[in-house]
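Structure first, then comments.
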Amino acid sequence: MGDDPYQGCLTALVDMFYYQRCGDDLDERIGPFAHPACHNTPARVYGTDQFLDVTGGWHDAGDFGRYIVPAAKAAADLMLAWQWNEHAFAVPGVTPIREETRYELEWMLKMQRADGGVYHKVSCARFCAMIMPHEEKEELIISPVSTTATGDFAACMAMASRFYEAIDAPFAARMLEAAKKAWDFLMQSDPLLFSNPQGVSTGGYGDRSDEDERLWAHVELALATGEEKYLSAAREALDAIDRTFAPLGWGDVRGYAALSGMQLPGKMGAICREWVIGAADRLLPRINAYGITMMERLPWGSNMNIANDGMLFYQAYLLTGDEKYRLAAEKQLHYILGVNPVDYCYVSGFGSHPMCHPHHRPSVALGICQPGMLSGGAASGLMDACAREHLQGQPAGKCFIDRYESYSTNEICIYWNSPLVALLAGLMR
Ligand code: 9MR
Ligand code: 9MR
Ligand code: ZN
C-alpha cells in the first residue's frame, strides 16, 4: 500500500471485474465470493438448433447476462484508464488490468458470426432469482445480431489492437482482423436495431440509432490501420454527426470517437480535439452546488453519467492543462464518493457511510456486501416497486435507496465501475 488514500479504492474497483468473471473457477482469492465455473454449457443460437461455445467474459451487472454493447464501453474505459495512468495499476495486489480486460475481449471474439456480424448478447431467457452464478442452470440463448453490437465490437477490437500491439502482437492482429470483418458486415447492412426476441426478457440495450457506433468503428479502424477507406468513412461520418456533446454512454458512444479521433492525422484530429473541449465547455456552466452537471432529473445509472462527465473533463484537462477542467473532474469524483444529497459513498466498502445492500445476486445470496462496486445511484424515474414505495415526492438527488430490491437505484454494473476506474486513475496521476 502506498500513502495515496485512493489506491485501495482503485484496487477494489478493478478487482470487481475479476469477481464478475463468467465461466471461470473463482478461487479463495476472493474469499466468500469464490464459486465454481458458471454458464459453461454451449449456448443456443436463438430460434435454431445450433449451439456455440461463448463462455467467458464478465457478468454485466447484478444479473448474469453478457451483452456486447455495454461490454465495449467497459473495455474501452479500462484501456483509457491504463493509458492515463499506467503507474496506478503497477501496484502489487491490483488485478492486472490488461489481463482482466483481455478476459472480456476474448469472450467478445467468440460472439462474432462467420459473416462478421456480432450477436447482441447471451443470457438465459429471463432474469433468475437472487442466486449464485453457478446455480443459474437454464439454457443459454444467443440473441440475434445487431448493428449497434457489431459497430461497438468493430470499434472496441480495433482500439484494443492498438493497446495490445506491444504486449501480444498475435492477439492484436487477431482483434484487428475481427474488427475489419465486423466493419465489412456493417458496410453492407442496414441498421439492425435490437429489441428482445419473443421469449427473452433480460437486458435489452436497445438503441434508436447506430450512427454513433458506426462513427466510432470508422475512427478506430482509421487509427489502427491508416487505410484510406476507413479514413474517408471517418471523415464523412465526423462531418455528419452532431458534435455538441461527447457522451461516453453505452447507447451513445460519440465521445469514444471524439477521444480516439484526436489522434487522427490532420484536420480530423483537430476537429476531434475541438469537439472534446467544446463539449467540456458546454458542461462546465451546468455544474451545480453538488458539483455535477445535472440535478432536475437523474437517469437510471446516473453515477455512470457523472463518472463519464468526469472522464471528459479529465481529457479536456490533459489536452489544455487548464486546471478548471481538473477541478471539474474532481467534483464528479467527490460526488460519487460522498458529497451528494444522500450522504452515501456510492462505492461499496469505502468511506464512512458506504452503500451496502446492492442489487447484486452474489451479495444477496451470501448475505454479505461485495466491496468495490459502484451503485447506479439516484434515479428520479422511480422505476422499480421499492423506489416507488419509499421515494415518492423526493427531489431527484435523493431518489436513492440502499436496498437490494431497488434495481433502478442500487444495482451495480461493469460499465459503471469502468468510468470510475478511468476517472480515479487519471486523477491519481
Ligand atoms: O435483476 C434484474 C436486474 O438485473 C435488471 O436491471 C432489472 C431491470 O431489467 O430487472 C431485475 O430483475 C427483476 C425483474 O425485472 C422483475 N422481477 C424481479 C427481478 C429481480 O428483482
Ligand atoms: O443501465 C441500463 C439503463 O440505462 C436502462 O435505463 C435500464 C433499463 O433498460 O437498463 C440498464 O441496464 C441493465 C440491463 O438491462 C440488465 N443488466 C443490469 C443493467 C443495469 O441495471
Ligand atoms: Zn456466469
Step through the residues of segment 143-152 one at a time and calculate ³J(HN,Hα) from phi using the Karplus curve (6.51 cos²θ - 1.76 cosθ + 1.60, θ = phi - 60°), rounding each to whole Hz and writing x for Gly and Pro.
7, x, 5, 10, 7, 6, 4, 5, x, 4
Pick from 328, 289, 182 the residue whose mean-square fluctuation is largest in a GNM of the chain, springs joining Cα atoms under 10 Å.
289
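Grab the beta carbon distance between residue 392 and residue 30, set R0 = 41 Å, and tell me the FRET efficiency rounded to 0.05.
On the way: r = 38 Å, r/R0 = 0.93.
The computed FRET efficiency comes out at 0.60.
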Which shape class applies to segment 143-289: rounded if a/c is under 1.5, otherwise prolate when a/b exceeds b/c and oblate if not, where a ≥ b ≥ c are the square roots of the Cα gyration tensor eigenvalues?
oblate
Tensor-based shape of segment 280-343 (alpha-carbon gyration tensor, a/c under 1.5 rounded, otherwise prolate or oblate):
prolate
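Where both residues lie in the chain, what percent of DSSP beta bridges are antiparallel, nearest 5?
The answer is about 75 percent antiparallel.
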Using the Cβ atoms and a cut-off under 14 Å, what net charge is assigned to the surroundings of residue 364, where Lys and Arg are +1 and Asp and Glu are -1?
-4
Tell me, what ³J(HN,Hα) does each residue in segment 132-139 have, in order and in whole Hz, if you take phi through Karplus 6.51 cos²θ - 1.76 cosθ + 1.60 with θ = phi - 60° and put x for Gly and Pro?
6, x, 6, 8, 7, 10, 5, 4
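Taking segment 132-232, which GluC sites (Glu not before Pro) meet the DSSP loop condition and have no more than 12 other C-beta atoms within 10 Å?
138, 139, 227
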Amide hydrogen neighbours beyond the local backbone of residue 58, cut-off 5 Å, H modeled
22
Given 20 Å bins starting at zero, what is the percent of C-alpha pairs of the chain in each, up to the one with the largest pair distance?
28, 62, 11
Once Lys and Arg are counted +1 and Asp and Glu -1 for all other residues with Cβ under 9 Å from that of residue 418, the total becomes 0
Name the shape class, rounded, prolate or oblate, that the alpha-carbon gyration tensor gives for segment 1-77, where a ≥ b ≥ c are the square roots of its eigenvalues, rounded holds for a/c under 1.5, and otherwise prolate holds if a/b is larger than b/c and oblate otherwise.
oblate
Through the Karplus equation 6.51 cos²θ - 1.76 cosθ + 1.60, θ set to phi - 60°, convert the phi angles of segment 263-273 into ³J(HN,Hα) values in whole Hz; use x for Gly and Pro.
8, 5, x, x, 5, 4, x, 5, 4, 5, 5
Give me the distance between the Cα centres of segment 371-402 and segment 292-336, rounded to whole Å.
21
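Give me the extension gain from residue 187 to residue 115: residue separation times 0.36 nm, minus the current Cα-Cα distance, reported in nm with one decimal.
Length gained between residue 187 and residue 115: 24.7 nm.
For residue 284 and residue 99, FRET efficiency with R0 = 45 Å and r from the beta-carbon atoms, rounded to 0.05?
E(calc), rounded to 0.05, equals 0.75.
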Estimated distance in nm for a label pair at residue 201 and residue 40, the labels positioned 7 Å out from Cα along Cα-to-Cβ:
3.1
The percentage of the accessible area of the chain (probe 1.4 Å, all protein chains present) made up of carbon and sulfur atoms, to the nearest whole number, is 52
Name the long-range amide H neighbours of residue 413: under 5 Å, sequence gap of 5 or more, or other chain; modelled H, no Pro or chain starts.
374
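The values are calculated or read from the model by the stated rules, or taken from the named source; none is laboratory data. Note that the coordinates shown come from a computational prediction; the quantities given were computed from them, not determined experimentally. Cβ atoms come from the backbone with ideal geometry, glycine included; neighbour counts cover every protein chain shown. Keep in mind that these areas ignore ligands, DNA and RNA; they rest on the heavy atoms of the full protein, side chains included. Shrake-Rupley method; radii C 1.70, N 1.55, O 1.52, S 1.80 Å.
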